[in-house]
Structure formats: C-alpha cells, structure tokens
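The values are calculated or read from the model by the stated rules, or taken from the named source; none is laboratory data. All figures in this text were calculated on a predicted structure; none of them were measured in a lab. Every residue, glycine among them, receives a Cβ derived from its backbone with ideal geometry; neighbour counts consider all protein chains shown. Side chains are part of the model used for accessible areas, which takes the heavy atoms of the whole protein and leaves out ligands, DNA and RNA. Shrake-Rupley method; radii C 1.70, N 1.55, O 1.52, S 1.80 Å.
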Amino acid sequence: MTPSAFAAMIAERYPSSRLDHLHPGLCQYEPVRNELQGLVMRGGSLFTLETIGTSVEGRLLSMISMGTGMRRVLLWSQMHGDEPTATLALLDLLQMVLLHRDDEWVHTMLRGISVWIVPLVNPDGAEYRQRRNSAGIDINRDAHALATPEGKALHAACSRLRPEFGFNLHDQGLNSVGESQIPSAMALLAPAPSADRGTTSTRLRAMRVGALVSRILEPYAKGRVTRYEDAYEPRAYGETFQASGTSTLLIESGHWPGDPLKNHIRELNVIGILTALRSIANGSHEDTELDYYHRLPLNGKQMVDLLIRGVQLRHPSGWEHAVDIGVMFQKSHDTVLIKDIGDLHTFGGLETVDVTDRAITTALLRVDAVMPTQQLFDALQIYRPYPAISFRP
Ligand SMILES: [Zn+2]
C-alpha cells in the first residue's frame, strides 16, 4: 500500500476511531493521565506506560510506548501548556492503533518501529492554560540550560532512547499561506542543527519526513500546509535534538475557518503522523521527493481572526470614510486587540463580516489597543456568538 493509500484508509477510519469525548479544554494533567491509563488497560501488552519525571509542581510526566522495531521514534507534545491540538491527535492515534491491533498494518508497523510518546510535557502550564511552566520558564528555550524538570526529563528520555526520529508538536499563532489570504492549517520545519543552517544527513532525513507529511496531506489540507520560519534557536529542543543525531520534524498546528476547537487540524495530525510512522517503519519515507518540503509556501502574516469590512469611521473633525478593521481575539475571547484599521483588502480573516454603512467613532478605536469584544460588537451592531475560550498560543 502506498503512503497515500494508507493515509486514505486512516482518513476513512478516523471518524469512528477518534476519542470523541476529548476536546482541547480537557488537555490537562488528570484527564490526559486517565486517558493514558485507560489505553494501557485496554491495550494490555500493546502499550507500556512509564513516568520519566515530575513537573515543578510535582505532576508526573508520562511516556507511553509501543512497538518492537529497530527504528526508534520519540514524539512529544504540549511543551507549551496552551497548545493542546497534537496531544489530542496523539491520544486518537494510540486509540486507532488499539482498535486496529489485529490488522496487518498495525503488526507490520510495530515490527518496524519502536515509538515513545510524551503527550503532555508541560502539565503545570496546561493546568493554568499558559505557554510557560509553573516557574515562568519557556521549556522550549531550556534545551541548553536544562533548568526545568520538564525539559530535563525530555532531554534525559532522548539521551537514553537515542531515537532516530523525533516529532516536536506545537500549535502556532494565526498565519497565512504565504502572501495569500488563506490561513495556514499546519506548518512544518526540519530545524537547523547549527547556526549556519547547514543540511546534515540528520536534517535531510527530517526534511524527507516533512516532504512525506506535506505530500500525503495535500488532499486533506488543500494547499494549506506551510513551512515554519527557519530561524536557528539553539535553546529549542528541535534544534538541539537535530544536532545530536535525532532527525526532528516540528509540526505546528494551525487554523481552519469555522473550526475553533481545531477538530480538522487534529485529524490532519493523526493522518500525517500515523502515515509518517508507518513509512518510517517500512523505509518508504526515503522515497519522497524533497521538493514537497522545499516548495512549501512560507508562513505569512496576512491574516486576522475577524475582518470587519465596510465600517464607516468618523473623526470629530467631520472626516469620515469607509474602512476595514482587523481584529485578533485575546486569550479569553471577551477582549479583542485592534490589529489594524484602513484598507485591509490584502488581508484575510478566519471570519469576515460586512457592516457596510454602520459607523463607529475614532475615539472608540485605537490600533494595538485591547477593548472589550462586546463594546466593539455593540458599536457595530454585530450580533454573533464567539467561542468562550481560545486554544491559541
Ligand atoms: Zn509551542
């Protein structure tokens, strides 16, 4: 079966396999740990659960593993506590393997690879729905100093397991596909192992996995996979593991219009990661054209959460004109940041609303200022619900 045919099979079976009761709000310590314990209980000898450390506040860091193959793969997610999409995808993926444990593809895959998964690197951050750990440190800038117990535990796991492949799983902010007005659904990067951003054989292997993920997601992501900015960050885990010989791919979950809980992005992760694992197991990832990685459009900055078109803007001097307003929802959606005012026809909105002829005074609006969402909506007579919680980093 080709990787594309395999991906199609996964896509078809996903809706009946996914853990429907889970959602981003449940990606916290207790629910995730319960889920892992449930998987191990149902899976018997299929999975092994171990504790690789504790967080600053004493929460256990869990790692679940499967497979007996030669090729070793380490995946980790939610190193940033407020980035839960891949955690859900990894739990779905484990459930999928469990449900299909008698299928030939599961047997073959688990004979070819050994997989270790740390699905919640930052449980304290998840508890507070914040990026950083409980001590206020960004764990993904701690790969060098290893000051945080969470980062230290991940580093120790990687040193002990010596994986050939690594998957570093995050959520990204709102980006466009290049200069288009379409949101990026997912961004990929094989991070550079050194400041000169050279391509070592380790990095090249990661690029091939990225090329494979990009290629097989084409029918599902519809041209919305992008490349994450290639800026060398020596304190990050991707760069550090890449330098130490683990071919590491960064996957940043993005956005899809009308999908605030990121269900579609979660599905893209499952299809992409499971197909990549299966291809690593049988070596077929090596056949992927690197062009599928190099040709990816870059992450762009042409997007806002809400684009309000046709606002009549009034100045006390008497000047008035029709303008667009670009708005970003803040963490709790009851406040918004006014990102830009003026001609925003080159921008796209995750959501767009046309309020032609409705007026607002300049006194109410200031670029880069945060204001209550309800105040803006009332002023412009916009009556629409907005999600109570954002799961955006
Ligand atoms: Zn992140």
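Accessible surface area normalised per residue over the chain is 40 Å², counting heavy atoms of protein chains with a 1.4 Å rolling probe.
Placing +1 on the Cβ of every Lys and Arg and -1 on the Cβ of every Asp and Glu, with nothing else charged, gives the chain a dipole about its Cα centre of roughly 720 debye. Taken over the chain, the ratio of Cα radius of gyration to 2.2 N^0.38 Å equals 1.03. Rounded to the nearest 10 degrees, the inclination of helix 149-161 to the longest alpha-carbon principal axis of the chain is 40 degrees. Placing +1 on each Lys and Arg Cβ and -1 on each Asp and Glu Cβ, with no other charges, gives region 303-379 a dipole about its Cα centre of roughly 160 debye.
Given Cα pairs under 8 Å that are at least 6 residues apart, what percent is the relative contact order of the chain?
Value for the chain: 17 percent.
Normalised size of region 319-362, defined as Cα radius of gyration per 2.2 N^0.38 Å with N residues, equals 1.23. For helix 263-282, what angle does its Cα long axis make with the longest principal axis of the chain, in degrees from 0 to 90 and rounded to 10? Relative to the chain, helix 263-282 is tipped by roughly 30 degrees. Which value, in Å to one decimal place, does the Kirkwood hydrodynamic radius take for region 69-108 when every pair of different Cα atoms is included? Every distinct Cα pair counted, the radius reaches 11.8 Å. Which angle from 0 to 90°, rounded to the nearest 10, does the C-alpha axis of helix 85-99 make with the longest principal axis of the chain? With both axes taken from Cα atoms, the answer is about 40 degrees. Set the Förster distance to 51 Å, then compute FRET efficiency between residue 378 and residue 12 from the Cβ-Cβ distance, nearest 0.05. Once the sixth-power term is evaluated, E becomes 0.65. Here's the picture: charge each Lys and Arg Cβ at +1 and each Asp and Glu Cβ at -1 in region 130-197, and of 190, 135, 178 the one pushed furthest to the positive end of that dipole is 135. Most simply put, the chain has about 50% antiparallel DSSP beta bridges, counting only bridges with both residues inside it. Legend: residue pairs 222/262; 152/262; 301/331; 222/331, Cα-Cα distance threshold 22 Å; pairs beyond threshold, 152/262; 222/331. Calculate, in whole percent, how much of the Cα-Cα pair population of region 255-393 lies beyond 26 Å. Summing the P(r) of region 255-393 above 26 Å gives 40 percent of all pairs. With the convex hull of its Cα atoms as the shape, region 303-379 has an orientation-averaged projected area of 4.7 nm².
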